[in-house]
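Some notes on the structure that comes next.
The values are calculated or read from the model by the stated rules, or taken from the named source; none is laboratory data. Everything quoted here is computed from the prediction, not taken from an experiment. Here the Cβ positions follow ideal geometry from the backbone for every residue, glycine too, while neighbour counts run over all protein chains shown. Side chains are part of the model used for accessible areas, which takes the heavy atoms of the whole protein and leaves out ligands, DNA and RNA. Shrake-Rupley method; radii C 1.70, N 1.55, O 1.52, S 1.80 Å.
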Amino acid sequence: MTPTDVFSLAGMIAMPMWLLMILVPKWIVTRFLIDYKIIPILLSLVYAIYIIQAMLIGGAMDFGSLASVMALFTEEHAVLAGWVHYLAFDLLIGMWMLHQNKTLKIHQLLMAPCLFATFMLGPIGFLLFTIIKSIKKQ
């Protein structure tokens, strides 16, 4: 499989999980996938493969400056690993938010935008959830 194929496959793996979390978060299948972190684990395996390949191709990774990080993202395997990293961690944050919501009981109409924002913009969705959570607790 080429990195382009893996990029597409990773997106096809993550997208249905987001749809389940947004549309049917309490469905037994959704809960199973969340509880056992099935999709993030699969994505983590893909990440491990491609980050190791990137290190074998490009050597040690330097995160000490913006310029050195930008240079890391010129290698195809490193970019793919970075993308899969985002997919896995954003999913984990969305799953954590749903887990938190078991006790918070934030209405699904408010949770859906939080989850969608986390899917599309990561930290902004987390921030939105944190704000709603804070208001709900007051």
*Would you mind getting the accessible area per residue of segment 55-97, heavy atoms of the protein chains only, 1.4 Å probe, in Å²?*
60
*Hey, rough spin-label estimate for residue 38 and residue 121, points 7 angstrom out along Cα→Cβ, what's it come to in nanometres?*
3.1
*Ignoring ligands, DNA and RNA, what percent of the 1.4 Å accessible area of segment 77-138 is carbon and sulfur?*
75
*Using the alpha-carbon atoms, what tilt in degrees (0 to 90, nearest 10) does helix 3-23 show relative to the longest principal axis of the chain?*
10
*By how many degrees, between 0 and 90 and to the nearest 10, does the Cα long axis of helix 76-104 differ from the longest principal axis of the chain?*
20
_Degrees between helix 108-121 axis and first principal axis of the chain (Cα, 0 to 90, nearest 10)_ = 10
*asked:* If I compute Cα extents along the principal axes in Å from the structure I just sent, which labelled value in (1) 55, 42, 26; (2) 43, 31, 26; (3) 49, 32, 19 lines up?
replied: (3)
*Any chance you could check the Cα centroid distance between segment 65-107 and segment 1-39 for me, in angstrom?*
14
_Cβ charges +1 (Lys, Arg) and -1 (Asp, Glu), total dipole of the chain, debye_ = 980
*Label-point gap, in nm, between residue 1 and residue 110 - each point 7 angstrom along Cα→Cβ*: 3.9
*Obtain the nm distance between the two label points defined at residue 48 and residue 71 by a simple spin-label model: each point lies 7 Å from its Cα along the Cα-to-C-beta direction.*
2.9
_Name the residue from 9, 130, 94 whose Cα lies farthest towards the positive end of the charge dipole of the chain, charges +1 on Cβ of Lys and Arg and -1 on Cβ of Asp and Glu._
130
